[in-house]
1. Looking only at region 291-309, decide whether some residue is part of a helix (DSSP H, G or I), farther than 26 Å from residue 142 by Cα, touching a helix residue (DSSP H, G or I) at 6+ places or on another chain (Cβ under 8 Å) and at pLDDT below 95.
2. Could you list, in sequence order, the residues of region 219-252 that are in contact (Cβ under 8 Å) with a residue 60 or more places away in the chain and in a helix (DSSP H, G or I)?
3. Considering (1) within 14 Å of residue 173 (Cα to Cα); (2) not in a loop (DSSP other than H, G, I, E, B), say which one residue 203 fails and leave the rest.
4. Of all residues in region 61-91, how many are assigned to a strand (DSSP E or B) and either over 11 Å from residue 128 (Cβ atoms) or free of Cβ contacts under 8 Å to residues at least 40 places away in the same chain (or both)?
5. Please identify the pairs in which a residue from region 253-279 that is under 11 Å from residue 305 (Cβ atoms) has its Cβ atom under 9 Å from the Cβ atom of a residue that is in a helix (DSSP H, G or I) and polar (S, T, N, Q), counting only partners at least 6 apart or on another chain.
6. If you go through region 111-138 one residue at a time, how many are over 14 Å from residue 164 (Cα atoms) and in a loop (DSSP other than H, G, I, E, B)?
7. For residues that are within 13 Å of residue 93 (Cβ to Cβ) and either open to solvent by 70 Å² or more (accessible area, probe 1.4 Å) or assigned to a strand (DSSP E or B) (or both), tally how many sit in region 139-159.
Amino acid sequence: MSVLWSASRTRFSPHSELKLFFPETWCEKTKDIKKRRSSEADIPNHLCHEVETCYRLKMPEDFYHFWKFCEELDPDKPCDALQASIGLQLVGPYDILAGKHKKTSRGDVNFSLHWRFFYDPPEFQTVLTGDSKMQYHVGYFRDVPDELPVWVGENEAKKGCTISQVGDNIFAAVKLVLSRKLKELPDKKKSGILKAIDEKLTETAKKMGYSLEQKTVKIKQRDKKVVTKSFHGAGLVVPVDKNGVGYRELPETNASLKRICKAIVEAPNDDQRLKAFAPIQEMLTFVQFANDECDYGMGYELGINLFCYGSHVSYKLFSAPFRWSSLV
């Protein structure tokens, strides 16, 4: 189980575990991508196929509709359509729609890490970036890698790992950014430009049937399935059967686990650091017991929390036992 959170930081979740043992299931899923109907967003099928094949992820329709919206704003450079007005740039999978990878061999780009920020868990896929000083970015959050995103979130990597919900589609996320900008800007001339974009975005979203609410019914329904908030605050959803099998709580709260991590990072020498690491090693043993009884969510939670803590020292320490424990 813990191999999913090894030092490679590739895009997986505990739901991927079955795919590690039954890869034909994933192959069938990727074949289905070819059948995706993209006529609604009027994006060439070969581009949709390239995006979803490179990332091995299904993209929601709002992803493509937002691209068309930005094309209307700036036909020559859709990726930069919102840069001057609200400081947002289309990145990640949008780079493929923009043709930025035409001269690059697919093998030269690790799409699992493309526009991935330091604290981003594998479930978070960046599609928009903003303030570079704060490393602000917006992306899709998925609970299961071969299903559509459950919502859109935002993060400022300079502040930490917290991912906040901003809607269930990109239009809602950008609407929220626009609202913030309008409140901050006293300049009426620039405010007029923002209002014009806001009106056009609102009109397009309504026409396409996208909610502009930050907390939709869909998101509320998903929140009810969350078994634990975790360090990043986005919450973890794992399969739990009617008997409650699938998840068990860690023996430490988030607060106490953060104190353990801090003690490891701030230890004055390696001997003290290894002693501080003892509670983590004990939890790894508990995770193995949980895995044996099909409570895979426990290892998922521990792995995500250690990943999100983000210290270079703890990251180096945690990666080795994680890879080792996955082979036991």
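1. No, that holds for no residue.
2. 219, 222
3. (1)
4. 1
5. As it stands, the answer is 254/305; 257/305; 258/305; 261/305; 261/314, since those pairs meet every condition given.
6. Selection size over region 111-138: 15.
7. Total meeting the criteria: 2.
The rows are residues; the columns are (1) open to solvent by 20 Å² or more (accessible area, probe 1.4 Å); (2) closer than 30 Å to residue 196 by Cα; (3) at pLDDT 95 or above.
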residue: 61; (1), (2), (3): yes, yes, yes
residue: 79; (1), (2), (3): no, yes, yes
residue: 91; (1), (2), (3): no, yes, yes
residue: 107; (1), (2), (3): yes, no, no
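The values are calculated or read from the model by the stated rules, or taken from the named source; none is laboratory data. Here the structure is a predicted model, which is why all the values come from computation and not from measurement. All Cβ positions, even for glycine, are placed from backbone atoms using ideal geometry, and neighbour counts span all protein chains on display. SASA here: full protein model, heavy atoms, side chains in, ligands and nucleic acids out. Shrake-Rupley method; radii C 1.70, N 1.55, O 1.52, S 1.80 Å.
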